[in-house]
1. When the chain is fully extended, how far beyond the present Cα-Cα distance does R151 get from R353, taking 0.36 nm per residue of separation?
2. Can you list the lysines whose alpha carbon sits under 30 Å from that of K67, skipping same-chain ones fewer than 8 residues off?
3. Given a 1.4 Å probe, how much area per residue of region 323-416 is accessible, in Å²?
4. At a Förster radius of 56 Å, what calculated FRET efficiency corresponds to the Cβ-Cβ distance of M68 and L309, to the nearest 0.05?
5. Using R₀ = 35 Å, calculate the FRET efficiency as 1/(1 + (r/R₀)^6) where r is the Cβ-Cβ separation of H371 and D324; round to 0.05.
6. What ranking, highest mean first, results for peptides 330-343, 241-254, 462-475 when packing means the other Cβ atoms within 10 Å averaged over each residue?
7. Could you name the lysines in cross-link range of K145, using Cα to Cα under 26 Å and dropping any fewer than eight places away on the same chain?
8. Using Cα positions and a limit of under 27 Å, work out the lysines in reach of K469, with same-chain residues fewer than 8 apart set aside.
Amino acid sequence: MQQRYAQNYQQMTQRSPHTSSTRRSQGKYQPTMILFLHVGVITPDVSEAHNHAVPMNPAHMPQDAKKMHDAQTQEQAKRTAEQAAIARRRSEKPTDKTMPEGIEDLIVGDGVQQYKRMRELERKLDAVMMRKRLDQQDALHNATKKYSTLRVWVSNTVENQPWQVRDLDENAFDFTSGVEATYRVKIEGRIVEDEDTDDASENDSDVEDEEKTAGDAMDHDGAPAREAPKQPAIRQRTKLSHFFKGITVDFDRNKNLQPDGTTQVEWKKPQVPLNAAMLPPQADFDCLEFERKSDENINCTINLYRDELPERCTLSKELANILDTNEDDRASVIMGIWEYVKAMGLQQDEEKRLIQCDDRLKAVFKTDTIHFPHIPTIILPHLTPLPPLSLSYTIRVDPEFHASPTPTIYTLRLPTPPPLPSLPPSLQTLKQLSAYDEHLALLIQALGASQRKYQFLDGYTRDPVTFVKRWMSSQKRDLEVVLGESGRFEGDVPGMGLGGEWRRGGQGGVWGSELVREGVGLMVQKGGRDGRAF
């Protein structure tokens, strides 16, 4: 094994590659799983052209265009009305799940106390879950990086090559066989630790089989039967696609010399939701295969684009001189600059956010002073994505190689991808919980209505005459306010002590108090801002 690449991977020896051809072009492919990669067509984006279109006045439109415009307007108005109706129904749903005050005196038993204890326990549980979720997010961002050893095998097979075809007619002028020669490239990756674990699990299973056989023999001899062994937990295994967000294969050959006119094969990881418990098949595989047409040896380069969270970047020379590292993620870069500023004492005494730049910081920010909140934006030009890991390979189609084919093996040292989150609740469970919450809010609302009804009837039974007078006076005042026939708090309401005090003017009355003058001043000032006059 010879040392070829940088510190994070090595290449095993392979046969000498053939001479390279001209530069590559940029054909792109969209793969399916363990699959053939088909040619993708890039169409122009027409949205930009529509953004610059000048709107036309509906009065000057042709008849058909005017009808279409009216239909679109009606459809938009209908959609807006439906959204408003949905929002109104949502706002009308009760959401208060707090037990009304004093309801425990009206209910037999300790149901209210138990409900309040349950609500308190629910609040504590919600607080604990939120804290655990935040702790988990902090642990993912601040945890020490773990690395795994990934071993990659690259090999290829051939079909219908000229040396494989045996049924040619020697007397025919055309010596082709009627089929096109093809090759199939296979890129397979496995973690070395996973291989060791799989071997250990196989040995453990053999031992369990032996113990089970011995246990069956003991059962036949009359010994008591043993409990069935527990099923082992399913372990989520890290696969090749978990390490990378894209894989490209660039052929070192002019596309005019390619039978299918392509010089690149590309796979891109599909978008996966953050809370997804399972990955789609297109993003969860150990082996990637593709097939192409050729009857000649071809040199190619396999580029592996790393998928890391948070994403690391290559730092510029000036920024690396401050942080003493060449690769880091954006959050760590900002934290490193902050630690450097504190260690060197570059904060100003009056304004701690204002940084006095020394020679190293001046080389990055090109200024004498800088506000620290502006640093995350200013450092963007100094961060570039990590270059892909490039693996060289020669696709061999000659019979000498395939007499005893040997794969090319690479060993890569890469950061371990984060594990998938725990399985979230199903949609049916979430709908059921939401229905329970709505039903509980309706019950609380019904309890509040029953409490008010009880208080009404209880007040009536204690002093019917005074209760009816107060109730009639309250209803009369509400009716006058609704009809606009009365000012606020007019009339002598028993028990409220208002009387004609609101009608009396002068400095000694209500309207001459300091509070009223202040309130009127605020109303006038507010009306002046809104353009209203009093």
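1. On the way: separation 202, 0.36 × 202 = 72.72 nm, distance 4.76 nm.
Answer, rounded to one decimal: 68.0 nm.
2. Reachable lysines: K78.
3. Working: 5080 Å² over 94 residues.
Dividing the accessible area of region 323-416 by its residue count gives 54 Å².
4. Working: r = 47 Å, r/R0 = 0.83.
Approximately 0.75, to the nearest 0.05.
5. Working: r = 25 Å, r/R0 = 0.70.
Between H371 and D324 the formula returns 0.90.
6. Details: 330-343: 15.3, 241-254: 20.4, 462-475: 12.1.
Ranked from most to least packed, the peptides come out as 241-254, 330-343, 462-475.
7. Leaving aside lysines fewer than 8 places away in the same chain, those within reach of K145 are K132, K239, K245, K268, K269, K317, K342.
8. K453
The values are calculated or read from the model by the stated rules, or taken from the named source; none is laboratory data. These figures come from a predicted structure and were not determined experimentally. For neighbour counting, all protein chains shown are included, and Cβ atoms are generated from backbone atoms with ideal geometry for every residue, glycine included. Quick note on the areas: whole protein, heavy atoms, side chains included, nothing else; ligands and nucleic acids left out. Shrake-Rupley method; radii C 1.70, N 1.55, O 1.52, S 1.80 Å.
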